[in-house]
Amino acid sequence: MLITGLFLLTSLNAQDGHPGGPPASKVDPAKLTSADWQADLRFLQHKVHQEYAFLFKKVTAADFDLAVEELYKAIPAMQNHERMAGFGRIVAMFKYGHTSLGWQLSPVTYHVAPINFYWFSDGFFAEGADQKYAAIVGAKLIKVEGMKLEEALEKIKPLVPVENDQYFKAYGLDMLVIPEALHAQGITKTLKKSIHYSFEKNGKVIELDIEAKERFHLPRNYGFAKQEGDWISARNQEHTAFYLKNIDQNYYYEYLPANKTVYVRQSQVLDDKTETIAAFYKKVFEFIDNNEVDKLVIDVRLNGGGNNYKNKPVVTGIIECKKINKPGKLFVITGRRTFSACQNLVNELSNYTNAIFVGEPTAENINFWGDNRRIDLPKTGLPVFLSFAWWQDKPQWENADWLAPRLAVDMSFEEYKTNKDPVLDACLSFNDNNAIVDPISHLRDLYLARKMSALESEALKMVADPRYRYINFESNFNEAGYKLLNDHQMEGALYVFGLNTRLFPKSANAWDSYAEAHWKSGKLDQAIEYYKKAIELDPHGETGRNAKETLKRVMAEKGKPE
């Protein structure tokens, strides 16, 4: 079954990552009435409840219906682009990337400013633009229509069916170049044909109005500008990093003799026009078998999906390649565009191989609703795509917002501009002395060996190490503490919960768990003290409320007045 990035056709992003394209319907938006839009909203509401109620996972049916009612009442006072955005917000509430509103296929016209933004590790930059605006290429964006960038991003986020923050980084930023979206979300007070941006470059602030073009295609490959015609890129074109080489091919490989490494870049889970995936990987593994190869790096940071039935030769090929399927030999680079069928691929590599994941988290939940059906709303012709297939590669208790890298590495603007690749460099330089593949297992081994001093020292270093920033140490320690507590290993539970408070002193949940361990150990005075600490850190949140209720029980047990 094809679970491609069909979302790429339903959001603003086509395969090369740009908004645009002809409307899907011959409906004349100027002739649509408020009643037409309201009727379609009811149609969508009923369709979801009757045929897609399984999508109510991240949003409740009650909250969905409340949002529908609010939009229904507001429609008469709205312009068509605001109504379209309203439908977009409704559909985005499900927070599945395959479930989205087809802006680019809508009969309602929108405009696009000819500028491409990219979110690097050190900020939000104009990565490419029309030659007319060459002065701001390579400049850092700081404001949109006078609004601070952080606030503008929060305002446009409800329009995007974000599975996680990575999905938003990859596909949500285009809303900042669409005047209709900015107006609908209250960033501009009136609808304009241009957008005012504030940039910072070489220590100077640049204020610039950029005129938007109707249904303009941003010339891009996988989110990065293609330097051609009047379109320019901030990247030095004299050299190309491996992840952008041969970008017109779905995959290619290269041998790096200095590192005895085979590098593979696969940007789609679809057969290339010249060679199938199975034939390509057969060739790769034959090369590995017949040459001096120490490492294999498979780069899927740009891979937005395809046909997940084509993942088999990749996974089985690695399993059969005993030369490579060993700790420290196989690396998989993931990123903000790793999505859909490629999420299935990395899940399977995680399950069945010794892959070390490097880079950024993926754009998809580990288990997710994929495959969508297109529904053209009967009055407006507005295309809505609703997911219908549940994909679960891992047990439900291993589900997460994303598959996180073991080694977190991202790219600065300067590194991109000068064609450096810190992610690939991390794979090539990896050895057991400069990084730990599985930090949680390493810390667990120290605990079992009763090396408490080393455990605490190593834990403090790892929590502060940016390479491990996507590993949820706090949650792992909390889970380990409760396992010990439930096994009545009170001394061990107290130690682990206590260590968690030292690692995360501002976490109300860590203090709440530490308090519970003391309570169940009969140490009521300490339990009272730590419950109060949890309440102090989270006076109005769920953890704080739970701590207040439990504190009453502990106080009563101790025989003191509340």
Of the listed pairs LYS132/LYS417; LYS226/LYS312; LYS155/LYS420; LYS322/LYS451, those with alpha carbons more than 28 Å apart are LYS226/LYS312; LYS155/LYS420; LYS322/LYS451
Can you put ASP174, ASP376, ASP36 in order, fewest other beta carbons within 10 Å first? ASP376, ASP36, ASP174
Cα gyration tensor shape for the range 406-496, rounded if a/c is under 1.5, else prolate or oblate: prolate
Helix-derived [θ] at 222 nm for the chain: sum -39500 (n - 2.57) over DSSP H runs of at least 4, divide by residue count, nearest 500? -11000 deg cm²/dmol
Between PHE287 and GLU70, what is the label-to-label distance in nm when each label sits 7 Å out along the Cα-to-Cβ direction? 5.3
For the range 472-558, what percent of Cα pairs sit more than 16 Å apart? 46
First check a/c for the range 217-286, with a ≥ b ≥ c the square roots of the eigenvalues of its C-alpha gyration tensor; if it is under 1.5, answer rounded, and if not, answer prolate when a/b is larger than b/c or oblate otherwise. oblate
Which whole-Hz ³J(HN,Hα) couplings does the range 131-141 yield from phi under the Karplus relation 6.51 cos²θ - 1.76 cosθ + 1.60, θ = phi - 60°, glycine and proline marked x? 3, 4, 10, 4, 4, 9, 5, x, 8, 8, 7
For the range 62-103: rounded, prolate or oblate by the Cα gyration tensor [a/c cutoff 1.5]: oblate
Long-range amide H partners of ASN221, meaning residues 5 or more apart or on another chain whose placed amide H is closer than 5 Å, are LYS226
Per the 1/(1 + (r/R0)^6) rule, R0 = 51 Å and r from the Cβ atoms of ALA39 and ASP248, FRET efficiency to 0.05 is 0.70
A correct Karplus calculation of ³J(HN,Hα) over the range 292-304, with 6.51 cos²θ - 1.76 cosθ + 1.60, θ = phi - 60°, whole Hz and x for Gly and Pro, returns 7, 10, 9, 9, 10, 10, 10, 9, 10, 5, 9, 7, x
Once label points are set 7 Å from the Cα along Cα→Cβ at both ASN472 and SER453, what is their separation, rounded to one decimal in nm? 3.4
Under 5 Å between amide H atoms, partner at least 5 residues away or on a different chain: which partners does TYR252 have, H built in plane at 1.01 Å? ARG265
Theoretical FRET efficiency, 1/(1+(r/R0)^6), r = Cβ-Cβ of ASP122 and PHE56, R0 51 Å, to 0.05: 0.85
Can you give the Rg/Rh ratio of the chain, where Rg is from the C-alpha atoms and Rh is the Kirkwood radius? 1.00
What's the longest uninterrupted piece of the chain once you rule out the trypsin sites (Lys or Arg not before Pro) that are loop residues per DSSP with at most 10 other Cβ within 10 Å? 27-188
Given H placed on each backbone N at 1.01 Å, which residues far from PHE117 in sequence or on other chains put an amide H within less than 5 Å of it? GLU127
What is the magnitude of the charge dipole of the chain about its Cα centre, with +1 placed on the Cβ of each Lys and Arg, -1 on the Cβ of each Asp and Glu, and no other charges, expressed in debye to the nearest 20? 320
Karplus (6.51, -1.76, 1.60) ³J(HN,Hα), θ = phi - 60°, over the range 355-362, in Hz, Gly and Pro reported as x: 4, 9, 8, 10, x, 10, x, 6
For the range 472-558, what relative contact order do you get, as a whole percent, if you take Cα pairs closer than 8 Å and at least 6 residues apart? 21
Hey, can you list the DSSP H helices of the chain whose Cα span along the axis is 15 Å or longer and whose average Kyte-Doolittle score is at least 0.0? 61-74, 277-290, 452-464, 490-503
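Since every read-out is calculated from the coordinates, none of them should be taken as a lab result. Predicted model, so just to flag it, every value in this text is computed and none were measured. Here the Cβ is made from the backbone with ideal geometry for all residues, glycine too, and neighbour counts use every protein chain on show.
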